[in-house]
Amino acid sequence: MSGSSWCDITTENAEELVNFYQSVMGWKKEAIDMGGYNDYVMMKSDGTPIGGIRHKRGVNAQYPGGWINYFTVDTLEAALKAVVEKGGKQAGEIRRHGNDSFCVIIDPSGAACALYEKGKI
């Protein structure tokens, strides 16, 4: 089963973009300490997480700019193998968020997205 589960954007100036989306969309920010700077989880006014805005540095330096959609896959390892077999590329290492894991990919057309596997509890 797959579907869209999250989106975020990587940018040179996350602070400026956070202010933009707070004004335009009415989103609220929650700072995430990245060791010397903050990235942000953006939330609707009711507190529901909607996406992330992150700096293009540190663990996010290798990611392309622009919005990246995260698509849920059953097995990340199998999906990444298929990416390479079908002409795509893995962009960066597999990362973990709690029990979940994800990885950004570049498809054969050059478009970026991320694959996300929900971890077992």
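Summed over segment 81-121, the residues that are assigned to a strand (DSSP E or B), under 22 Å from Gly51 (Cβ atoms) and among the charged types (D, E, K, R) give a count of 5.
Quick check: is even one residue across segment 55-66 touching a residue at least 24 places away in the same chain (Cβ under 8 Å), within 17 Å of Asp39 (Cβ to Cβ) and touching a helix residue (DSSP H, G or I) at 6+ places or on another chain (Cβ under 7 Å)? Taking every residue of segment 55-66 in turn, at least one turns out to be touching a residue at least 24 places away in the same chain (Cβ under 8 Å), within 17 Å of Asp39 (Cβ to Cβ) and touching a helix residue (DSSP H, G or I) at 6+ places or on another chain (Cβ under 7 Å).
Contact annotation: residue pairs with Cβ atoms under 6 Å, 6 or more positions apart or on different chains, pairing a residue in segment 81-106 that is without any contact (Cβ under 8 Å) to a residue 60 or more places away in the chain and loosely packed, with under 14 Cβ neighbours inside 10 Å with a partner that is assigned to a loop (DSSP other than H, G, I, E, B) and not basic (Lys, Arg), are Gly87/Pro108; Asn99/Gly119. The residues of segment 42-52 that are exposed (fewer than 15 other Cβ atoms within 10 Å of the Cβ) and either in a strand (DSSP E or B) or touching a Gly at 6+ places or on another chain (Cβ under 7 Å) (or both), listed by number, are Ser45, Pro49. Remark: Asp39 matches the filter, which requires a residue to be crowded, with 18+ Cβ neighbours inside 10 Å, modelled with pLDDT of 90 or more and under 19 Å from Arg96 (Cβ atoms).
Could you tell me whether segment 7-18 includes any residue that is in a helix (DSSP H, G or I), closer than 20 Å to Glu93 by Cβ and not charged (D, E, K, R)?
Just the residues of segment 7-18 that are in a helix (DSSP H, G or I), to begin with: 14-18.
Next, only the ones that are closer than 20 Å to Glu93 by Cβ stay: none.
The answer is no; no qualifying residue exists.
Test Ala31 against the stated conditions and say whether it is within 30 Å of Ala78 (Cβ to Cβ), of a type in the set (A, V, I, L, M), under 16 Å from the mean Cα position of the chain (by Cα) and loosely packed, with under 13 Cβ neighbours inside 10 Å.
Numbers: within 30 Å of Ala78 (Cβ to Cβ): no; of a type in the set (A, V, I, L, M): yes; under 16 Å from the mean Cα position of the chain (by Cα): yes; loosely packed, with under 13 Cβ neighbours inside 10 Å: yes.
In short, no.
Would it be correct to say that Gly36 is of a type outside the set (A, V, I, L, M), part of a loop (DSSP other than H, G, I, E, B), at positive phi and touching a residue at least 12 places away in the same chain (Cβ under 8 Å)? Spelling it out, it is not the case that Gly36 is of a type outside the set (A, V, I, L, M), part of a loop (DSSP other than H, G, I, E, B), at positive phi and touching a residue at least 12 places away in the same chain (Cβ under 8 Å).
Test Ser101 against the criterion of being of a type in the set (Ser, Thr, Tyr), within 12 Å of the chain's Cα centre (by Cα), modelled with pLDDT of 90 or more and under 16 Å from Leu115 (Cα atoms), and give yes or no. Let's see the steps before the verdict.
Details: of a type in the set (Ser, Thr, Tyr): yes; within 12 Å of the chain's Cα centre (by Cα): yes; modelled with pLDDT of 90 or more: yes; under 16 Å from Leu115 (Cα atoms): yes.
Yes; evaluated as a whole, the condition is true for this residue.
The values are calculated or read from the model by the stated rules, or taken from the named source; none is laboratory data. Being a predicted model, the structure only gives us computed values, none of them experimental. Please note: Cβ atoms are built from the backbone with ideal geometry, for glycine as well, and neighbour counts cover all protein chains shown.
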